[in-house]
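S.K.: I'd like to ask you about the structure that follows.
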Amino acid sequence: MVFLQAIPDAIAGLECLEELRLSSNNLISLPDSIGLFPKLKIVDVSSNKLKSLPDSISKCRSLVELDASYNELAYLPTNIGYELQDLEKLWIHLNKLRYLPTSICEMISLRLLDAHFNELHRLPEAIGKLTNLEILNLSSNFNDLQELPATFGDLISLRELDLSNNQIHALPDTFGRLDKLTKLNLDQNPLVIPPMEVVIQGAEAVKEYMSKRLLDLLLEEERKSIAEADSPAQDGWLTRSTSWLNNWVSGVSEGVTDYLGAGQKSDRDSYLDQQL
C-alpha cells in the first residue's frame, strides 16, 4: 500500500473537482492550489500528519463538508469562517487546537461541529451566532475547557451536545434557552451549577433548572433596580445634609460681618464673604 506524502501542484488543473478524499496518508501539508477548486464540495484529509491547513482553503466557497480530524493541527486559518458560508459539517476532532478562530462564528450554514479531543481553552464569544448548529461535540478537552460563553444559549437549533470530560464548573445562565436540546452529556465535569442531582435527571431537568435560575436572577435584578429608584432614606439624608451645610456657611458669614462692623466694609470684607 502506498501512502501519499505530498500532493502535486498539478492537481490545480482539475477545475471541476467536487470531492477530494485523502484520508489515511502521510500528508504533512496541503498545496496552496487547493483554493483553485471553485466547485469543491467535500474535502476529507483526516488521519494524516497535517500541522495546519493552507489559508487558500477558505477560497473553496462551495465547500459543504470538511474533515480534518486525526491530524496535528495547532490552529485553523484565521478567515476560514468568513469565506466558507456554505459549510454544513466540520470535523476537527483529535488535533491540538487550543482556540477556534473568531471567524468560525460566521459559518451560518454549519449544522455539525465536532471538536472533541483537542486542547481548547475557550470558545469564541460570538459562538451563539451559529443558529443552525444542531450537533456540537466539545468533549475531552480535559483541563483546558472550563467555561462556556454567555451567548451559548443562542444556539437555538442545538439538538445534541457533548461536554463530557472537561473542567466546567457552571453552565451559562442562558443555557435554558436551548429548547430543542434532547441529547446532553455532562459526565466527568466538576459541575456546581446545575448540581449533579439535576444533571443525572437528563437534558429536560437541566434546561428547567437553568431556566428557573435565569428567571430568578432577572427578578432579583429588577428588585434591585426598583429599590435603588425608590430610596427616600438616602435622598432625605442628602437633602438634610445640604441644608445643614448651607445654614452653617450662612451663619459663619453673618458672624464675620458683625465682627468687622457694618460700616467698615472694605475690599477685604468682600473677599472674606466671597470665600465663605
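S.K.: Just name the residue that is nearest to residue 171 (Cα to Cα) out of those in the range 131-151 that are in a loop (DSSP other than H, G, I, E, B) and of a type in the set (A, V, I, L, M).
M.R.: The first filter runs over the range 131-151 and keeps only residues in a loop (DSSP other than H, G, I, E, B), leaving 131-134, 138-149.
From what is left, the residues that are of a type in the set (A, V, I, L, M) are 133, 138, 145, 148.
Details: 133: 18, 138: 14, 145: 12, 148: 7 Å.
Only one residue fits best here, namely 148.
S.K.: For the range 28-58, give me each residue that is surrounded by 20 or more Cβ atoms within 10 Å (Cβ to Cβ) and hydrophobic (A, V, I, L, M, F, W, C). So that I can check it myself, show each step before the final result.
M.R.: Within the range 28-58, the first condition is being surrounded by 20 or more Cβ atoms within 10 Å (Cβ to Cβ), and the residues that meet it are 30, 34, 37, 40, 43, 45-46, 48, 50, 53, 57-58.
Selection gives 30, 34, 37, 40, 43, 45, 50, 53, 57.
S.K.: Given the criterion in the same structural domain as residue 139 (by TED's automatic domain parsing), in contact with a Leu (Cβ under 6 Å, 6 or more places away or on another chain) and surrounded by 13 or more Cβ atoms within 10 Å (Cβ to Cβ), identify the matching residue among 191, 214, 171, 186.
M.R.: Details: 191 fails: in contact with a Leu (Cβ under 6 Å, 6 or more places away or on another chain); 214 fails: in contact with a Leu (Cβ under 6 Å, 6 or more places away or on another chain); 171 fails: in contact with a Leu (Cβ under 6 Å, 6 or more places away or on another chain).
Testing whether each residue is in the same structural domain as residue 139 (by TED's automatic domain parsing), in contact with a Leu (Cβ under 6 Å, 6 or more places away or on another chain) and surrounded by 13 or more Cβ atoms within 10 Å (Cβ to Cβ) leaves just 186.
S.K.: Hey, can you tell me all the residues within the range 87-130 that are not β-branched (Val, Ile, Thr) and not in a loop (DSSP other than H, G, I, E, B)? First the steps, then the outcome.
M.R.: At the first step, the residues of the range 87-130 found to be not β-branched (Val, Ile, Thr) are 87-91, 93-101, 103, 105-107, 109-126, 128-130.
89, 90, 91, 103, 105, 106, 112, 113, 114, 128, 129 - these are the residues of the range 87-130 that are not β-branched (Val, Ile, Thr) and not in a loop (DSSP other than H, G, I, E, B).
S.K.: In the list 183, 207, which residue meets the criterion of being more than 19 Å from the chain's Cα centre (by Cα), in contact (Cβ under 8 Å) with a residue 12 or more places away in the chain and more than 29 Å from residue 95 (Cα to Cα)? Quick ask: steps written out before the conclusion?
M.R.: Details: 183 fails: more than 29 Å from residue 95 (Cα to Cα).
Among 183, 207, only 207 is more than 19 Å from the chain's Cα centre (by Cα), in contact (Cβ under 8 Å) with a residue 12 or more places away in the chain and more than 29 Å from residue 95 (Cα to Cα).
S.K.: Can residue 254 be described as modelled with pLDDT under 90, farther than 30 Å from residue 136 by Cα and in the same structural domain as residue 122 (by TED's automatic domain parsing)?
M.R.: Working: modelled with pLDDT under 90: yes; farther than 30 Å from residue 136 by Cα: yes; in the same structural domain as residue 122 (by TED's automatic domain parsing): no.
No: the conditions fail for residue 254.
S.K.: State yes or no: is residue 92 assigned by TED's automatic domain parsing to the domain that holds residue 159 and buried (at least 22 other Cβ atoms within 10 Å of the Cβ)?
M.R.: Working: assigned by TED's automatic domain parsing to the domain that holds residue 159: yes; buried (at least 22 other Cβ atoms within 10 Å of the Cβ): yes.
For residue 92, the condition - assigned by TED's automatic domain parsing to the domain that holds residue 159 and buried (at least 22 other Cβ atoms within 10 Å of the Cβ) - is met.
S.K.: Would you check if residue 72 is within 22 Å of residue 181 (Cα to Cα) and either more than 17 Å from the chain's Cα centre (by Cα) or not assigned by TED's automatic domain parsing to the domain that holds residue 180 (or both)? Quick ask: steps written out before the conclusion?
M.R.: On the way: within 22 Å of residue 181 (Cα to Cα): no; either more than 17 Å from the chain's Cα centre (by Cα) or not assigned by TED's automatic domain parsing to the domain that holds residue 180 (or both): yes.
Against the criterion (within 22 Å of residue 181 (Cα to Cα) and either more than 17 Å from the chain's Cα centre (by Cα) or not assigned by TED's automatic domain parsing to the domain that holds residue 180 (or both)), residue 72 does not qualify.
S.K.: How many residues does the range 84-97 hold that are within 15 Å of residue 53 (Cα to Cα) and either modelled with pLDDT under 95 or among the basic types (Lys, Arg) (or both)?
M.R.: The qualifying residues number 1.
S.K.: Condition first: outside any loop (DSSP other than H, G, I, E, B) and closer than 13 Å to residue 60 by Cβ. Now tell me which residues in the range 12-39 satisfy that. I'd like the intermediate steps shown before the answer.
M.R.: First, the residues of the range 12-39 that are outside any loop (DSSP other than H, G, I, E, B): 12-13, 19-21, 32-36.
Result: 12, 19, 20, 32, 33, 34, 35, 36.
S.K.: List the number of the failed condition for residue 69; all other conditions in (1) farther than 20 Å from residue 22 by Cβ; (2) crowded, with 18+ Cβ neighbours inside 10 Å; (3) touching a strand residue (DSSP E or B) at 6+ places or on another chain (Cβ under 8 Å) hold.
M.R.: Residue 69 satisfies every listed condition except (1).
S.K.: If you don't mind, another one. Is there a residue in the range 202-211 that is part of a loop (DSSP other than H, G, I, E, B), surrounded by 11 or more Cβ atoms within 10 Å (Cβ to Cβ) and modelled with pLDDT of 95 or more?
M.R.: Taking the range 202-211 as the starting set, the residues that turn out to be part of a loop (DSSP other than H, G, I, E, B) are 202.
Imposing the further condition that a residue be surrounded by 11 or more Cβ atoms within 10 Å (Cβ to Cβ) reduces the set to 202.
With modelled with pLDDT of 95 or more added as a condition, the list becomes 202.
Yes, some residue in the range 202-211 is part of a loop (DSSP other than H, G, I, E, B), surrounded by 11 or more Cβ atoms within 10 Å (Cβ to Cβ) and modelled with pLDDT of 95 or more.
The values are calculated or read from the model by the stated rules, or taken from the named source; none is laboratory data. Keep in mind that what you see is a predicted model, and the values were worked out from it rather than measured. Reconstructed Cβ throughout: ideal geometry from the backbone, glycine too, with neighbour counts over all protein chains shown.
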